1. Does the stretch 240-257 hold any residues that are free of Cβ contacts under 8 Å to residues at least 24 places away in the same chain and either under 24 Å from residue 140 (Cα atoms) or surrounded by 23 or more Cβ atoms within 10 Å (Cβ to Cβ) (or both), and which are they?
2. Quick check on my filter: what residues within the stretch 9-25 are more than 16 Å from residue 256 (Cα to Cα) and free of Cβ contacts under 8 Å to residues at least 40 places away in the same chain?
3. Just one of 121, 63, 92 is at pLDDT below 90 and within 25 Å of residue 223 (Cα to Cα); which is it?
4. Inspect all residues belonging to the stretch 26-34 and state whether any of them is over 21 Å from residue 262 (Cβ atoms), touching a strand residue (DSSP E or B) at 6+ places or on another chain (Cβ under 6 Å) and surrounded by 14 or more Cβ atoms within 10 Å (Cβ to Cβ).
5. Filtering the stretch 161-193 down to residues that are without any contact (Cβ under 8 Å) to a residue 60 or more places away in the chain and assigned to a loop (DSSP other than H, G, I, E, B), which residue is nearest to residue 98 (Cα to Cα)?
6. Those residues that are in contact with a strand residue (DSSP E or B) (Cβ under 9 Å, 6 or more places away or on another chain) and buried (at least 18 other Cβ atoms within 10 Å of the Cβ), I need them from the stretch 38-60; list them, please.
7. Scan (1) closer than 28 Å to residue 144 by Cα; (2) in contact (Cβ under 8 Å) with a residue 60 or more places away in the chain; (3) not in a helix (DSSP H, G or I) for the single condition residue 86 breaks and write down its number.
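The values are calculated or read from the model by the stated rules, or taken from the named source; none is laboratory data. In this text the structure is predicted, and so the values were computed from the model without any measurement. Reconstructed Cβ throughout: ideal geometry from the backbone, glycine too, with neighbour counts over all protein chains shown.
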């Protein structure tokens, strides 16, 4: 009962964040001053304005849009490569497993945040002509997405590989192979359908980690570049005014924390629903 309540609470909060991300930034510009600096919350500016007179609510909403888009895109890449590598490794021959898992282990040898910083540095220092033809917002965020996508898939691949190793020894899989079913048929009809619950649960928790990583990079000044708002950059901007205007720091910190908490609640709820063996006593 408690877990069902937390799952529902997480879903409700994420639905609210999604609505805010879609419709919130329409109210005002997120990059230009729309009032005096440090205005308190009012009917015109629901959460007040920041040190440059920009609407805090609209910037929070736009930050939510950026975080959700990057989180969803990165997890999409992680799911694709995780399923590809994890299924091939778990179901394939031993030499295939050894090659793929040694490569994955090599990815784990580097700290995620340092590898992401290295990848972003390389992409931003390299003259990639196609970036100039993209909208400025996309070209600015693409290095962050690429870096987090590269470091995000190995953990998904290893989890899927372990699950596939267990599934391929189940009686229904062994029986299907004994009846002459092809490997592709076994994977498509018997392996993949049993992976989606795990994949979805892990993706929700992984999305929380991606949003936290993006916020950390932006806080350090190497993530989403100005003038595009990010929760991490908003925290970095507001910390100089923590004593005089604490709400300016509280809003992005609270939003980031609650979003990560909600994603973990939903991920735990999905895990319990699709894999009862992982349930723990409340």
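1. Matches in the stretch 240-257: 253 only.
2. Scanning the stretch 9-25 gives a single hit, 23.
3. On the way: 63 fails: at pLDDT below 90; 92 fails: within 25 Å of residue 223 (Cα to Cα).
Going through 121, 63, 92 in turn, the sole match is 121.
4. yes
5. Here the answer is 169.
6. Passing the criteria: 45, 47, 48, 49, 55, 56.
7. So the condition that residue 86 fails would be (3).
One line per residue, one yes/no per condition, for (1) assigned to a helix (DSSP H, G or I); (2) over 17 Å from residue 231 (Cα atoms):
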| site | (1), (2) |
| --- | --- |
| 4 | yes, yes |
| 7 | yes, yes |
| 12 | yes, yes |
| 17 | yes, no |
| 45 | no, yes |
| 59 | yes, no |
